[in-house]
Structure formats: structure tokens, C-alpha cells
Amino acid sequence: MLARKLTSFIGSLAVVCGSLVPSYAQESPPAPSAPRSVKIPAVQTAKLPNGLKIAVVQRRGVPLVAVNLLIDVGAYVEEPDEAGIANMTASLLTKGTKTRTATEIAEAIEFLGADLNAGAGWNATNISLNVTSDKLAAAFAIFADVVRSPKFEQSELDLARSQALDGLTYNLKQPSFLSNYVATKYAFGEHPAGGTPDTLAKMTAASVRKFYDESYLPDRSTMIFAGDIDLVKAKALATRYFSTWKPSASKELIQSIITNAAPKSKPAEPKTPAGILVIDLPNSGQASVSYTKKMPNGRVDNAKGKPQADPGYYQAMVLNSVLGGGYSSRLNAEIRIKRGLSYGAGSGFGWRYGDSNFTTRAQTKNESAPEVASLVIDEIRKLTASSVDNDELVPRKSVLTGGFGRSLETINGLASAVSDLYAFGLPASELNSYIGRVNSVTDAQIRSFAADHLLGGSIIIVGDYAVFKNDLAARFPGVKIDVIKAADLDLSKDDLRK
């Protein structure tokens, strides 16, 4: 009797529970809500007599201040045989000054509860300070010291170089990292911003000092304050510590040597892919698959006589959100979710002043590398030929605008957004137009942009070539396949061979 009652109870419970289980799998995701308005504080500006520009975005309510010193010097000014010197110079700023050792700097910053960092990318160098507003004066004195009086001790350079070489030696054996480094030279005609084993080995304290003296100048710099600070206080701090910083002898800024984008005439549809480069890495556990394309569109358009955001920038951002910007993007849906060929697939743009670099990325088993490459090409072609309907386009725009709004809710995010604009000489008013310009991008513009700029790129595969050689040739008949053994690779050579 007890058994029958228990069975009956369990059966009833199952019916009740079953009725309570929501049918998530049978429902479409809810439509995105209306775009949130984003309140962006006004950017106030000033300029010191030596040319140092000051920008302040005041936001009260939280006692935090972020300071970014943006210097218009990055890897783009390096000679190829000095690749990595911009980032090395920046990284050594906090490793000792004329009055403080590296340990003393670290201990003082920690005592203040602050965060002090320096680094350089392709477009610019950035030295950042984050601190509570009541400790700003003390922390800013250290910030100014590392910028104005770095010592560049040979011992600190040796240590930094050793660490960089150890990391680089390890990473160049990883398919994904190696693919990125190879693409820099092969597809984009640049050199690695982080340097190569050869260029890092040749750096000296004297060469770092020379780079610093020639590049770290007030008339190439913008100091951005965000948070619990006003323009009067910001200018007073900058004046106290940076007014004696001497400008360059020539008033010509580095940015002036950068040419704007080439004329954007529509070319005939190029062969896609234009070619395939394989870096043969025997016995690698996985393969990295990338599609790479150099684009004539950059972050900036000078057509009207003054820098403004290139219209293609917003089209590219929305396009990328559809193609490879996140978990729900087409590449990830096709390669990971539908076929289980990778833990993740995506794409992105590396923005420059007058051009930019497009890359897709995925890591997979060696035997499935050709299939992944073929799927990437298919998805890019679809963008040029098929419509992106609103059911897909509206949510992908919401990913961008929502992320933008959230990023501006933090002091660091606000400082970073302003810094990004100043790095390209763009007006701060771009912040207010971002959401509107993203939402105005049309399906037709996406198709046109993809057809004009994404076709004709190259596939780069880093992996065990013997495993996928035959399948690769079968999937891409008539496409030239260039193979370089990883042991024969030389990143400083134009043909990448020793």
C-alpha cells in the first residue's frame, strides 16, 4: 500500500514539476529593449604653454580619479630593426627614476592604494594612474616622476628583456600567438609591437634613452583626467609638475607623417582567399586558423580638412558584431555551437589612423583546420551577398550600444573612451554620437562594406601540416598554398624565412 501511494505521489509530482518547467528551448529570445540614453559629461580642455593638452571629464559621486597621459608615439614610429622599443621604453618608466628605485615606486603606490601602469601599442603610449581623490596629490607626484625622470638602468632593462624573451619564446610555440605574429608581417606589412627575439636582444639602455628623449614630449601629449576632479585642479597639478617639460624643437607632430586612407574606390571583386600561408608546427596539439585582410579604411577621415571618424568605422563595428563579435555571432554559432569544432571563433579590427587590419580567429583540431577555414570564407561571402534582417541586426547593434553605455559608467571606462578619441585626434563629441551612428548603420551598408573591404584576404594556418595537407588542397583547389616550417621562420625577413 505504501509503495503504491509513493508511486502515485511521485507520478503526480512529475506532472506538476513538468508543468512548471519553462520551455526556454521553444521560445525566441526577447526583443532588445529600446536603447538606453547615456549621459556623458562635458569634456573641458586647457593647454599649457609647452603644448601639453589637458582634458577633464568631471564626474562627482565617487571619490576616484583616473589619469591617462597619452603620448602620440607608438610602435608605428619604430624602425623595424628596433621593433618593441616603444613598449619597452614605457614598461621601464616605473622601474626607477633619478630619486626613486623600482621598489620604492611600487611600495609608495601600494601604500596609497593606487594603480600605476605604462605601456605602448601601435598607435600611442599610455601612462595611467588610478587613485582615490584624497590621495591624488601624493600619487600624482610619483606619476610625474616616472614620466619626467626615468633612469633606464641597464640592470632593469636586462631583467625586463629577459622576462620578455622568456614569454615570447614560449608564446611563439603556441599556434594562436604565432599566427598573430606572422599576420603582422605577412598580411599587414607591419612589425610586431612587442618586438621579436632579435630586436629585443639588441636593445640597450642607450637606445631606450634615445627613443625616450626624441619621443616623450609635451607637444605630442594629452593628459586626461576623469572622475572627482575639476579643470582648475587638474590644470594646477599639470602646471606644477609638467610646465617645465620642454617641447620638441620642431613643431611638426608625429601624427603629421601618417597619411590618410587611400581613395575608397570600389575594386573588382578579388579572389577570396588570395592565398594560404601554413606555418608547419609538427606535433602541435591544435591548429590556429585565421583570415586576414589589410583595409584602406582607418579610424580617421580627413576629407573635410579636420579629423573626424571615418564613416566606415561604424559600419565595420556593426558588421563585426554580426560576424564575429561575441558568443551569438555568426562565426561562433557556425563553428562552435553548431559543429563543435572550436571552443570559440570570432573576428576583430585593429584600428590605425588611415588604415586598419581585419582578422578572424579560431583554434581547432589539426584535422579540422581546413573545414574551419572553409567555414570562415563562407560566412564572409554570405555577408557580401545576403541580407542581415532586423531580427539579427537589431540585437547585434544592442550588443555594441549596451557595452558602450556600461563602459562609460566607470571612471576608468570614461577615461579610456576619451583617450581612444584623443589617440586619433578625434573630437570628444564623438562620444555623444556613437549610439546614434551605430543604430543608423543599414543592412545595405554592411553588405557594401564587406564586399569592398573583406574579400581578397589571406588564410593563415599554424599547425601540424602533415595532418591536414590533403584536405586543405581539396577544399581550396587553385589557391596557392605557401608552407614554412616553424623552425625556418624569421619574423624580421619580408619572406619570413631564415
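The values are calculated or read from the model by the stated rules, or taken from the named source; none is laboratory data. Model, not experiment: these values are computed from the prediction. FYI the Cβ positions are ideal-geometry reconstructions off the backbone, even for glycines, and counts take in every protein chain you see.
Within region 314-362, if we keep just the residues that are under 19 Å from SER387 (Cα atoms) and aliphatic (A, V, I, L, M), the residue that is surrounded by the fewest Cβ atoms within 10 Å (Cβ to Cβ) turns out to be ALA333.
Can you find a residue that is of a type in the set (S, T, N, Q) and surrounded by fewer than 20 Cβ atoms within 10 Å (Cβ to Cβ) anywhere in region 363-385? Write out each step before concluding.
Within region 363-385, the subset of a type in the set (S, T, N, Q) is 363-364, 366, 368, 374, 384.
Add one more test, that the residue is surrounded by fewer than 20 Cβ atoms within 10 Å (Cβ to Cβ), and what stays is 374, 384.
Yes, because at least one residue in region 363-385 is of a type in the set (S, T, N, Q) and surrounded by fewer than 20 Cβ atoms within 10 Å (Cβ to Cβ).
The set of residues in region 177-221 being of a type in the set (Asp, Glu) and either part of a helix (DSSP H, G or I) or on the phi > 0 side of the Ramachandran plot (or both) consists of ASP198, ASP213, GLU214, ASP219.
With respect to the conditions (1) in contact with a strand residue (DSSP E or B) (Cβ under 8 Å, 6 or more places away or on another chain); (2) more than 30 Å from VAL57 (Cα to Cα), LEU172 lacks only one, and its number is (1). Looking only at residues in region 128-179 that are without any contact (Cβ under 8 Å) to a residue 40 or more places away in the chain and hydroxyl-bearing (Ser, Thr, Tyr), which one is farthest from ALA205 (Cα to Cα)? Across region 128-179, the extreme among qualifying residues is TYR170. Just one of the listed residues (LEU426, LEU472, LEU431) is modelled with pLDDT under 95, hydrophobic (A, V, I, L, M, F, W, C) and part of a helix (DSSP H, G or I), and it is LEU431.
Here is a yes/no grid of residues against (1) more than 20 Å from GLU367 (Cα to Cα); (2) in contact (Cβ under 8 Å) with a residue 24 or more places away in the chain:
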| residue | (1), (2) |
| --- | --- |
| VAL418 | yes, yes |
| THR442 | yes, no |
| ILE461 | no, yes |
| GLY478 | yes, no |
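Consider region 75-110 and keep the residues that are more than 21 Å from the chain's Cα centre (by Cα) and in a loop (DSSP other than H, G, I, E, B). The one that is farthest from VAL146 (Cα to Cα) is GLU79.
Kindly provide the set of residues from region 151-172 that are under 30 Å from ALA287 (Cβ atoms) and surrounded by fewer than 12 Cβ atoms within 10 Å (Cβ to Cβ), ordered by number.
If we filter region 151-172 for residues that are under 30 Å from ALA287 (Cβ atoms), which is where we start, we get 163-172.
Within region 151-172, GLN163, ASP166, THR169, TYR170 meet the criteria.
Candidates GLU409, GLU430: the one that is over 23 Å from LYS294 (Cα atoms), touching a residue at least 24 places away in the same chain (Cβ under 8 Å) and not assigned by TED's automatic domain parsing to the domain that holds LYS173 is GLU430. Only a single criterion out of (1) part of a helix (DSSP H, G or I); (2) surrounded by 21 or more Cβ atoms within 10 Å (Cβ to Cβ); (3) under 23 Å from the mean Cα position of the chain (by Cα) is not satisfied by VAL441, namely (1). Of all the listed residues (THR199, THR169, THR184, THR204), the sole one being over 20 Å from the mean Cα position of the chain (by Cα), more than 20 Å from LEU92 (Cβ to Cβ) and of a type in the set (S, T, N, Q) is THR169. Taken over region 360-398, the criterion of being over 28 Å from TYR465 (Cβ atoms) and touching a Pro at 6+ places or on another chain (Cβ under 9 Å) is satisfied by VAL394, PRO395, LYS397, SER398. Scanning region 111-124 for residues that are within 28 Å of TYR353 (Cβ to Cβ) and either under 14 Å from the mean Cα position of the chain (by Cα) or of a type in the set (D, E, K, R) (or both) gives GLY119, ALA120, GLY121, TRP122, ASN123, ALA124.
In the condition set (1) farther than 14 Å from PRO80 by Cα; (2) at pLDDT below 95, GLY189 is compliant with all but (1).
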